[in-house]
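Heads up: the structure comes next, in structure tokens.
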């Protein structure tokens, strides 16, 4: 791997191929919301349309109602989303998305925008799906490039050499953006997006010289596979806290290195470690003053309480808020509870993590049929909640279990 930036990219953050994958991911995310509402069909999803396009390049794919199920109002919503992610208003480029209706033309417009903006380009990411409401977080290209250089330094400090990135996370989230878009663009690496494949499908793609980027949830899906990675593959996990099970499953595959990246949408990457029991080390582009971290002079507000050791490493003590991580997404148990309470036959409810998924205990109104109520609650969860926030198990009781002091008991 070489850290030399290709000449064609010296004035831009991303190469054209990475921009194309970002556009596909943003369109797919918009369509997922519409699919949940029944406003587009599975056959219209951009992934399905690309598979049936009959040629390897997506450039000629039409972005219109016949192809992707987007009428004029839905098209305006999509344009707003794409323009907002790339901040196309900074160069007055956003209106051209309504005129150009081929995917390749959108990529050309965004590529031109980045040529004009250079290191002043901006990107806005959303937090990973908190039911309390995703937040929009804007990062400047300079800070993202600084982090990208730090990640490249970590990768090149010792073998194996990485020649290709296999990403199991959507590229429009900051973790996927950094590892599968920015890093390959700057280092001239091939990148493949595998977020929609099964665990066995992902493993079938792996070959010598690959870097596989996934979440703890994804790595744990590999547990039942009778498979070993080639000996010079690098694994990366982020998006949620790794557990002993994460490391057991990942290490059983036999990667040459396994990197656990700590960070958030708000801060970008903060630290990394290469063993479950070891402390995290801060990324080499960060500055630490006492207990404060900054990147290019911007203070980073951490979401977790951390403890520093004498060598500058740190250990994560726990989150400062009550948001949980489920399959790499932020989930508010309180917000899930509010959704369940919309059913008039639910007197009270409590939600907590149960292994990899959520479970809920329901205090049932007198005379309610529990089997019928469970069907209704699963339906309301499917309508209003993304998959990670839907309780996987429902328990029913006359009263919620509480201790003698009135606090919730274990259940």
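Remark: spin-label model distance residue 299-residue 208 equals 5.1 nm, labels positioned 7 Å along the Cα→Cβ axis.
Build a GNM of the chain with springs between Cα atoms under 10 Å: which of 322, 274, 190 gets the top mean-square fluctuation? Checking each option, the largest mean-square fluctuation is seen for 322. Once you reduce the stretch 337-411 and the stretch 252-267 to the center of their Cα atoms, the two points are 33 Å from each other. Secondary structure note: in the chain, about 65% of the DSSP beta bridges are antiparallel. At an R0 of 41 angstrom, the distance between the Cβ atoms of residue 290 and residue 363 translates into a FRET efficiency of 0.30. Among 272, 219, 247, the largest mean-square fluctuation in a Gaussian network model of the chain (Cα springs under 10 Å) belongs to 247.
Note on the stretch 230-364: Cα convex hull, mean projected area over all directions, 10.6 nm².
On the beta carbon distance between residue 372 and residue 352, with R0 = 25 Å, the FRET formula returns roughly 0.55. Taking packing as the residue-averaged number of other Cβ atoms within 10 angstrom, the listed peptides 389-398, 323-332 run from highest to lowest as 323-332, 389-398. Beta bridges per DSSP, both residues in the stretch 132-322: antiparallel share near 55 percent. For a test of the definition: using alpha carbon positions, the gyration tensor, and the 1.5 limit on a/c, classify the stretch 134-240 as rounded, prolate or oblate. It comes out oblate by the Cα gyration axes. The Cα atoms of the stretch 1-120 define a convex hull whose projected area, averaged across directions, is 8.3 nm². First measure r as the distance between the Cβ atoms of residue 67 and residue 116, then evaluate 1/(1 + (r/R0)^6) with R0 = 35 Å and state the FRET efficiency to the nearest 0.05. About 0.75, to the nearest 0.05. With viscosity set to 1.306 mPa s and temperature to 10 °C, compute the Stokes-Einstein D of the stretch 295-404, Rh being the Kirkwood radius across alpha carbon pairs; µm²/s, no decimals. So the translational diffusion coefficient is about 99 µm²/s. In terms of the mean number of neighbouring beta-carbon atoms within 10 Å, the peptides 254-265, 174-185, 288-299 order highest first as 174-185, 254-265, 288-299.
Taking 42, 173, 113 in turn, the Gaussian network model of the chain (Cα-Cα springs below 10 Å) assigns the largest fluctuation to 42. In this rough spin-label picture, where each label sits 7 Å from Cα along the Cβ direction, the residue 399-residue 343 distance is 2.2 nm.
Calculated from the structure at hand, Cα extents along the principal axes in Å is found among (i) 63, 55, 39; (ii) 71, 60, 45; (iii) 67, 49, 45 as (ii). A helix-only calculation puts the chain at -9500 deg cm²/dmol for mean residue ellipticity at 222 nm, using -39500 (n - 2.57) for each DSSP H run of at least four residues, averaged over all residues.
Each value in this text was obtained by applying a stated rule to the coordinates, not by laboratory testing. In this text, all values refer to a predicted model and were calculated from it rather than measured experimentally. Counting neighbours? That spans all protein chains shown, and the Cβs are built from the backbone with ideal geometry, glycine included.
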